[in-house]
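Working notes, beginning with the structure itself.
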Amino acid sequence: MKKMFFLPLMALLNSSLIYSQSGNIGINTSDPGSKLTVNGSFAATYKTTGASGPVDANDYYIAYTGNSNGTLTLPAAVSGSGNFIGRTYHFKNTGTATLSIAASGTELIDNQSGAGVASVSVPPGYYAFFISKGTVTDTTWELILLSSSSSLPAAASTYAFSTISTTTRQSLPATASGPFINAEINYPQGTVINTGNVMNTANGRFTAATSGYYMFYGSTQFDNGALAGAPNFAWAILYLVKNFSTTPNNVLVQSYQSNPGILVGTNVSCITYLNAGETVSMASAAAVTSGTTYQVVVSSFYGYKIAN
């Protein structure tokens, strides 16, 4: 008898918290204004993993704790019955390596770059939010948000970044007639930041890891004060050059100084599109009033990707 009384009582208490009105359902509210209104907290599955694997229908929020690169693969699209348009997944990389969120098979992810991608990289400390578009071919998922949990972007972001400087004097051959580029400026004192090892300090070349738009800024000081006789510059030019190793005359931008004496500082900057593997470096040319050599010192150069 006690059981028969207890069960109907519990059902009555529980049902008193759920309401229906005009096709809307409310939990803990008698006046739901949306299809589902919850007057209270909401909870979904929280999962941690340190290894690659599939994301399934029971997942919602996944924290990746791995110390080596891993890939979590989104569910394959479903046509017709069972299509899960609008399903969302949240990912947080709490590990120390790169997490990749990949679409299934030949499916793609719309990351607002103009073309779908097979996967999205989530660096350590970053969060990614995805939603199913309901489509079954091409871009079946949409990246809603990719952001850092820090107030500042992590240094190891998906966009390559490098900044370098040197106070070492570099001797370069002067131009006898007509301005042309003789050599790239290098940086024997190394890099301050070099995400993805995109900068080669020996030859001064920044190599694009992926295709996209890049911002570059460089500066140097033309200084003949340490050379015998301290010759004056007849002129001095600082360049940013694309693919110097194959086309050293492929100048992106230049700064020309006429009769600057024995000392002059100058800078150059530009935004350019690079295909993966293409390079940008800073180079110079100068003519002197005597001798065959000029020097640059206190040089700095940085580059970073700003968009796909």
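From the list ASN200, ASN259, the one residue that fits, being under 16 Å from SER165 (Cβ atoms) and without any contact (Cβ under 8 Å) to a residue 40 or more places away in the chain, is ASN200. Looking across region 47-98, just one residue is farther than 23 Å from SER147 by Cα and in contact (Cβ under 8 Å) with a residue 60 or more places away in the chain, and that is ALA77. Looking across GLY53, GLY66, GLY26, one residue alone is under 30 Å from THR94 (Cβ atoms) and buried (at least 16 other Cβ atoms within 10 Å of the Cβ). It is GLY66.
Here ALA226 meets each of (1) closer than 30 Å to GLY116 by Cβ; (2) surrounded by fewer than 16 Cβ atoms within 10 Å (Cβ to Cβ) with one exception, condition (1). Among the residues of region 46-87, just one is of a type in the set (D, E, K, R) and either not in a loop (DSSP other than H, G, I, E, B) or not assigned by TED's automatic domain parsing to the domain that holds ASP138 (or both), namely LYS47. Taken as a whole, the condition of being under 20 Å from ILE185 (Cα atoms) and of a type outside the set (Val, Ile, Thr) does not apply to TYR273.
Per the listing TYR60, TYR46, TYR64, TYR19, the residue uniquely under 30 Å from GLY212 (Cα atoms) and among the hydroxyl-bearing types (Ser, Thr, Tyr) is TYR64.
The values are calculated or read from the model by the stated rules, or taken from the named source; none is laboratory data. Every value quoted in this text rests on a predicted model; they were computed, and no experiment measured them. In this analysis, Cβ positions are derived from the backbone assuming ideal geometry, glycine residues included, and neighbour counts consider all displayed protein chains.
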